[in-house]
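The values are calculated or read from the model by the stated rules, or taken from the named source; none is laboratory data. Since this is a predicted model, take the numbers as computed values, not measurements. As a convention, Cβ positions derive from the backbone with ideal geometry for all residues, glycine included, and neighbour counts pool all protein chains shown. Just the protein is used for accessible areas: all its heavy atoms, side chains included, with ligands, DNA and RNA removed. Shrake-Rupley method; radii C 1.70, N 1.55, O 1.52, S 1.80 Å.
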Amino acid sequence: DELEEIVTCSSTGMLNKFRLREILFETQRQIDVSSFDKNVHAAKLKYLKNGALIVLDSDMEIHIKNGQDWIKVEQENSHQKFVEMEVFENRLFLAGKNSVHIFDYSQDLKTLKFSLKIEVQELLESLTNKPRLDYLRSIHALSFDEILVCDASGLAVNINHNKLKNLFQIPKSIEPWTTAVAKFEGCFWLLGDRVGNLYLYKTEKSSETISSPVQKIWKLH
């Protein structure tokens, strides 16, 4: 059923659930967020594979709804600013300024527990050419252990098992960070940016090489 529902967040912070089977959304169910502070609102939300709803509020607090109750997730640094969130099955990825925080669902505690912090900038600095990372703007979970993050300059970083694997440069535009990612045949990647362009890359063996697109489709949207 979770594939037949969408949840939206309005500018007032109200969450609304829509069942896609119901033509024209004749009935919609509001999700109770009364447990949140009245001065904050839901900024981003995702569903885990087990059906639990994850909400990141405007104060950068993480909440999980599993059943009827909301639970605030404990964080090592509650003042960390997160710009984007992604899930893969029951794992949550949060992109900060230049790092990624990973939380895993605990079946015993019925909540999320912090698992790992990936320092993306440190991985980049380990390269001989040491490209600098701008603020992260997007994150994509490709598997339980593989992600792709992209910064404000269009530098996309592929990380697998906490190791840097590939670097891609998105061509310059107003908003060059990624909105869609697909990988196929091992070495080919498709990356889409926020202005609707689509780029095809072929990766090299060396992680120090920053790949440029071999084909571009402009303004696909």
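What residue, of Lys165, Lys130, is farther than 19 Å from Phe93 by Cβ and either open to solvent by less than 70 Å² (accessible area, probe 1.4 Å) or charged (D, E, K, R) (or both)?
Answer to the selection: Lys130.
Being assigned to a loop (DSSP other than H, G, I, E, B) and free of Cβ contacts under 8 Å to residues at least 24 places away in the same chain is the filter here, so list the residues in the range 137-174 that pass it. The answer is Asp145, Ser153, His161, Lys172, Ile174.
Scan the range 96-120 for residues that are out of contact with any Lys or Arg (no Cβ under 8 Å at 6 or more places or on another chain), surrounded by 15 or more Cβ atoms within 10 Å (Cβ to Cβ) and not in a loop (DSSP other than H, G, I, E, B) and jot them down. Thr111, Leu112, Phe114, Lys117, Ile118, Val120 - these are the residues of the range 96-120 that are out of contact with any Lys or Arg (no Cβ under 8 Å at 6 or more places or on another chain), surrounded by 15 or more Cβ atoms within 10 Å (Cβ to Cβ) and not in a loop (DSSP other than H, G, I, E, B). Checking the structure you have, find out if any residue of the range 197-204 is in contact (Cβ under 8 Å) with a residue 24 or more places away in the chain, surrounded by 15 or more Cβ atoms within 10 Å (Cβ to Cβ) and within 23 Å of Lys81 (Cα to Cα). No - not one qualifying residue is present in the range 197-204. Note on the range 43-91: residues that are open to solvent by less than 50 Å² (accessible area, probe 1.4 Å) and of a type in the set (Phe, Trp, Tyr) amount to 2. Can Lys219 be described as over 20 Å from Ala152 (Cα atoms) and either outside any strand (DSSP E or B) or within 19 Å of the chain's Cα centre (by Cα) (or both)? In short, no.
Scanning the range 140-157 for residues that are of a type in the set (Gly, Ala, Ser) and either surrounded by 23 or more Cβ atoms within 10 Å (Cβ to Cβ) or touching a Phe, Trp or Tyr at 6+ places or on another chain (Cβ under 6 Å) (or both) yields a total of 3.
Test Ser78 against the criterion of being out of contact with any Ser or Thr (no Cβ under 6 Å at 6 or more places or on another chain), at pLDDT below 95 and of a type in the set (Gly, Ala, Ser), and give yes or no. Judged against the criteria, Ser78 is a match.
Here the condition is being in a helix (DSSP H, G or I), touching a residue at least 40 places away in the same chain (Cβ under 8 Å) and either within 18 Å of Gly51 (Cα to Cα) or not basic (Lys, Arg) (or both); of Leu123, Leu127, it holds for Leu123 alone. Among the residues of the range 54-72 satisfying the criterion of being touching a Ser or Thr at 6+ places or on another chain (Cβ under 7 Å) and touching a residue at least 40 places away in the same chain (Cβ under 8 Å), which is farthest from Leu94 (Cα to Cα)? Ranking the qualifying residues of the range 54-72, first place goes to Ile71.
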